[in-house]
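In what follows, a single structure is set out as structure tokens and then discussed.
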Amino acid sequence: MAAFGSALITCHRDGVEEKRETGALMVHMKHIFHVKRKRQKLQGNLAEAPELTEETTVRLRFLDGEIATVQLSDALVASSFLVECTVFWTAAEKQKSTSSSTSKLASSDSALAPSKMYRRSLQDDEFGGMSANNSLTPNSAWMGKMEASGDSRDSKKRSIDSKVVTTTPDKMGRFGNSGAMRRAPAPRSSLLAAPFGGARAAAPQDSSSYGGYRSSFSFGLQNLGNTCYLNAVTQALCSLREFVVDLSAMPQALPACESGSLFTRTVEILKQMNTPGGTAGPLSPARLREQIALASPMFRGHGQQDAHEFLLEYVNQLHDELLVARKGWISTRSDGLDEAPALATQLHFDSEVQKQLSCIQCHQSRDVCERFRDFSLDFSGNGGETCSLESMLSTYFDGELLEVKCEHCGASAAHMEKHLSEPPRVLVLHLKRFVPNFEKQCYDKQHQNVDIPTLLDLGHVLGCPPLGQTSPSPATSSAAAGKFGPCPSPPRLPARPLAAAEAVTPSPAKFGQGAVSSSSGPCYALRAIVSHEGSSPRSGHYVSYAQSESGAWRSYDDSLVRELPLGQ
């Protein structure tokens, strides 16, 4: 019996999906058992050889027309299952070939071999006359041949006897075995042998003291079947090393978070990705995807998904799980919320936007405060023009006229001003390349180029104050943005749909090397980019670009990781 852990089996017949089920998979007595139920017989029931369609997916076609797609936890388990199925397929094909050859040989022998009656007649007539069914009769020539064959046998016997030498053991010399058999001496153990050169053996040392080659190469993530969106987002999050450190350290202040499944999966894979040379090949994000898919089934299958939607769902689920652990911790404490630990998701990704609505008729106003983890920016201008990221961000915070009913005078419109009152530590900007086409009832992709600066100063772009200072009023913020406008920026990188950047604060020691403070406002250094490569939202591939701790930029294409040349 061979067990292969948890597997997702999807069955199709005539191109229609019949069922999909997840559970334990094993092969026993030439049958597949899934969720403890016998499914299919392997030997003699496979219509073709098993096929490895993906790194972790095996495709089986049976004689009754059923096609089973078996998705396993990782590539190693999938390879073992493929080998197991191939053994049964090969045995069945060999058995078919042997039975076919045997049947052909039997039919050929029956055609060539004489019948029993004919053989009996030959035996009866060998030294006498032939039977009436055979017209041949013995003659003197045939009898002469029989006599000649007898002479030939005697001469052959004499020739053999002349070449064979018969002797006694005492005449065999030193190469003979003249005595009783004796057991050969056992080989001497190398543990008892003296060290090479006669030197005294050194005392055993710890393995860490040995030298040798240790790879500093980082492997990527396995594609589980159209999961490039998951790999690209996870690799971008891994580049946020300050967030990874704070998230990994949360159990010290909040031990209950270790019981969270998504927290455990996240810390596990992020630590493995941040360990150079720590794995022998690409990592499998299967357990991470399965955990996220429990609350969002849209990410369970092999369909193409949007990387931005996955990022928000991933961070939201992780935050909610940590929030449950925090509430449980507070319920057991008597000192209130003052000592409650901060959540890493809120500490790094949360931002606050203050909105002020003013009636166009009575000028009554009210303030609204909203929290965000990312900002979705619209493209401006014609399709052939190059957009500036600073101008797109500034346009997002521009005032606008809204259709809303005033509670005081009943007017149907109000003017809205908004400004960033609490900037985040990690600024996530989503470029809205996928826009709806209402005429065709589908989504199209924007192909405009975008200039993305390696350093983004929100003080110049939005008039935001430095982190930790009092935020200005909406009017002051609007005036500052109009006064400064987009500022000159350092050399730029190619446009990507999502840019995750690290917020730089006046305390470099806390947030890593290379932090730069700005007296005019928070300044962000570009850290990672997720890119959709393709002509339309319905097809394509996601890759990510991230800056390593050494400052070098790397391209992450699922399991393929390569370092980009300087200046690219």
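The values are calculated or read from the model by the stated rules, or taken from the named source; none is laboratory data. As the structure is a computational prediction, the values presented were derived from the model and not from experiment. Don't worry about glycine lacking a Cβ; one is built from the backbone with ideal geometry, like all the others, and counts go over all protein chains shown. Only protein heavy atoms, including side chains, enter the accessible area calculation; ligands, DNA and RNA are left aside. Shrake-Rupley method; radii C 1.70, N 1.55, O 1.52, S 1.80 Å.
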- Matching residues, the stretch 380-395, being touching a strand residue (DSSP E or B) at 6+ places or on another chain (Cβ under 8 Å), open to solvent by 50 Å² or more (accessible area, probe 1.4 Å) and not β-branched (Val, Ile, Thr): Ser380, Gly381
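Please find, among Lys30, Lys38, Lys116, Lys104, the residue that is modelled with pLDDT under 70, in contact with a strand residue (DSSP E or B) (Cβ under 7 Å, 6 or more places away or on another chain) and of a type outside the set (Asp, Glu).
Working: Lys30 fails: modelled with pLDDT under 70; Lys116 fails: in contact with a strand residue (DSSP E or B) (Cβ under 7 Å, 6 or more places away or on another chain); Lys104 fails: in contact with a strand residue (DSSP E or B) (Cβ under 7 Å, 6 or more places away or on another chain).
The unique qualifying residue is Lys38.
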- Task: With the checklist (1) closer than 24 Å to Gly260 by Cβ; (2) in the same structural domain as Val244 (by the TED database); (3) loosely packed, with under 14 Cβ neighbours inside 10 Å in hand, flag the one item Gly281 doesn't pass.
- Result: (1)
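Quick check on my filter: what residues within the stretch 516-551 are among the aliphatic types (A, V, I, L, M) and either part of a strand (DSSP E or B) or at pLDDT 90 or above (or both)? It would help to see each step written out before you state the result.
Here is the first cut: in the stretch 516-551, the residues among the aliphatic types (A, V, I, L, M) are 516, 525-526, 528-530, 543, 546.
Those that are among the aliphatic types (A, V, I, L, M) and either part of a strand (DSSP E or B) or at pLDDT 90 or above (or both): Ala525, Leu526, Ala528, Ile529, Val530, Val543, Ala546.
If the requirement is being under 21 Å from Arg289 (Cα atoms) and modelled with pLDDT of 85 or more, which of these qualifies: Thr53, Thr57? Reasoning before the result, please.
Details: Thr53 fails: modelled with pLDDT of 85 or more.
Selected residue: Thr57, the only one of Thr53, Thr57 that is under 21 Å from Arg289 (Cα atoms) and modelled with pLDDT of 85 or more.
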- Message: If a residue must be within 20 Å of Ala24 (Cβ to Cβ) and without any contact (Cβ under 8 Å) to a residue 40 or more places away in the chain, how many such residues does the stretch 60-100 contain?
- Response: 6
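Within the stretch 403-425, work out how many residues are more than 29 Å from Gly521 (Cα to Cα) and open to solvent by 50 Å² or more (accessible area, probe 1.4 Å). Show your work before the answer.
Our first condition is that a residue be more than 29 Å from Gly521 (Cα to Cα); within the stretch 403-425, this holds for 403-414.
Next, from what is left, pick out any that are open to solvent by 50 Å² or more (accessible area, probe 1.4 Å): 403, 405, 407-409, 412.
Here the count works out to 6.
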- Task: Just give me the residues in the stretch 301-345 being open to solvent by 70 Å² or more (accessible area, probe 1.4 Å) and in a helix (DSSP H, G or I), in sequence order.
- Result: Glu309, Asp320, Val324, Lys327, Ser331, Leu337, Asp338, Glu339
- Message: Restricting to the stretch 301-343, give me the number of residues that are modelled with pLDDT under 85 and of a type in the set (Asp, Glu).
- Response: 3
- the stretch 346-379 - residue that is closer than 17 Å to Leu311 by Cα and assigned to a loop (DSSP other than H, G, I, E, B) and, of those, most open to solvent (accessible area, probe 1.4 Å): Arg373
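Consider Ser218 carefully, then state whether it is under 25 Å from Trp553 (Cβ atoms), hydroxyl-bearing (Ser, Thr, Tyr), at pLDDT below 75 and open to solvent by less than 50 Å² (accessible area, probe 1.4 Å).
On the way: under 25 Å from Trp553 (Cβ atoms): yes; hydroxyl-bearing (Ser, Thr, Tyr): yes; at pLDDT below 75: yes; open to solvent by less than 50 Å² (accessible area, probe 1.4 Å): yes.
In short, yes.
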- Message: Any residue at all in the stretch 448-456 that's more than 16 Å from Ser394 (Cβ to Cβ), at pLDDT below 75 and not in a strand (DSSP E or B)?
- Response: no
